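Just below is one structure, and these are the notes that go with it.
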């Protein structure tokens with residue numbers, strides 16, 4: 001069992017749908033991350049939240065909209081996605097967001113398929 | 001040339017063999033991370049190190065800061081060690097990691 005919980009585990013959606021991915025951690029971590037991972041590739045960073053504020057946006061298209069309602073929750077709102085957005089979406093958290101001297105704890109991911 | 005290079009890309013071993021995966025990086029780092037990912041699954045952080053050597057069970061990670069090189073060793077390998085092993089360089093920017101391409105390890109019984 002991972003300490004970072006992601007829901008749903010699988011999601012199939014059409015290009016006109018709106019859906020959300022959810023990530024939750026109760027370790028008191030103050031940094032949370034969204035990654036996108038295509039098959040046989042390493043994860044690509046999308047967003048970093050530090051103390052509930054967006055710290056990094058890696059030039060992600062606006063059809064992906066992150067939200068951090070509180071220190072335990074991270075959402076990724078999806079709208080008008082393209083087939084190339086099909087991937088595994090991973091959430092991670094770490095104790096602090098400034099600097100990288102802490103391990104990141106990953107969830108099991110949401111496997112997203114766009115029809 | 002990638003900022004973080006891993007070798008080999010694929011590694012096949014027999015159960016019980018000693019395994020080494022190498023990672024070279026060209027960026028300045030605050031820490032070097034080793035991660036494990038099983039097929040279809042999430043990622044587990046194995047080690048985070050900024051100097052010297054760390055050991056956890058059958059896994060050992062070393063880093064040479066001057067040479068910008070790290071190694072992950074697995075002693076007495078087992079089929080359950082079959083996974084993708086990823087090294088990632090941590091800079092100073094808000095937790096951002098630069099990932100290597102990963103090493104696919106298959107251990108046969």
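Selection of strands (runs of 3 or more DSSP E) fully inside region B:1-106 by the criterion of at least 1 residues being buried (at least 20 other Cβ atoms within 10 Å of the Cβ) returns B:4-7, B:19-25, B:31-37, B:43-49, B:59-64, B:69-74, B:83-90, B:97-99.
Can you tell me how many residues within region A:53-86 are on the phi > 0 side of the Ramachandran plot and either surrounded by 17 or more Cβ atoms within 10 Å (Cβ to Cβ) or out of contact with any strand residue (DSSP E or B) (no Cβ under 9 Å at 6 or more places or on another chain) (or both)?
Going residue by residue through region A:53-86, those that are on the phi > 0 side of the Ramachandran plot are A:59, A:80.
Those still in the list that are either surrounded by 17 or more Cβ atoms within 10 Å (Cβ to Cβ) or out of contact with any strand residue (DSSP E or B) (no Cβ under 9 Å at 6 or more places or on another chain) (or both) too: A:59.
Matching residues across region A:53-86 total 1.
Kindly indicate whether residue B:87 is more than 8 Å from chain A (Cβ to nearest Cβ) and within 24 Å of residue A:55 (Cα to Cα).
Values: more than 8 Å from chain A (Cβ to nearest Cβ): yes; within 24 Å of residue A:55 (Cα to Cα): yes.
So residue B:87 passes the test.
If you go through region B:39-51, how many residues are within 22 Å of residue B:80 (Cβ to Cβ) and more than 10 Å from chain A (Cβ to nearest Cβ)?
Step one: of region B:39-51, the residues within 22 Å of residue B:80 (Cβ to Cβ) are B:39-47.
Keeping just the survivors that are more than 10 Å from chain A (Cβ to nearest Cβ) gives B:39.
Summing the residues that are within 22 Å of residue B:80 (Cβ to Cβ) and more than 10 Å from chain A (Cβ to nearest Cβ) in region B:39-51 gives 1.
Within region A:94-104, is there a residue that is closer than 11 Å to residue A:23 by Cβ and touching a strand residue (DSSP E or B) at 6+ places or on another chain (Cβ under 9 Å)? Checking region A:94-104: not a single residue is closer than 11 Å to residue A:23 by Cβ and touching a strand residue (DSSP E or B) at 6+ places or on another chain (Cβ under 9 Å).
Looking at region A:31-115, the strands (runs of 3 or more DSSP E) lying wholly inside it that each contain 3 or more residues that are at the interface with another protein chain (Cβ under 8 Å from one of its Cβ atoms) sit at A:44-50, A:87-94.
Taking the conditions (1) within 13 Å of chain A (Cβ to nearest Cβ); (2) free of Cβ contacts under 8 Å to residues at least 60 places away in the same chain; (3) over 25 Å from residue A:47 (Cβ atoms) in turn, residue B:96 satisfies each one other than (3).
Read-outs: derived from the displayed coordinates by stated rules, not from any lab. Quantities reported herein were computed from a predicted structural model and do not represent experimental measurements. For neighbour counting, all protein chains shown are included, and Cβ atoms are generated from backbone atoms with ideal geometry for every residue, glycine included.
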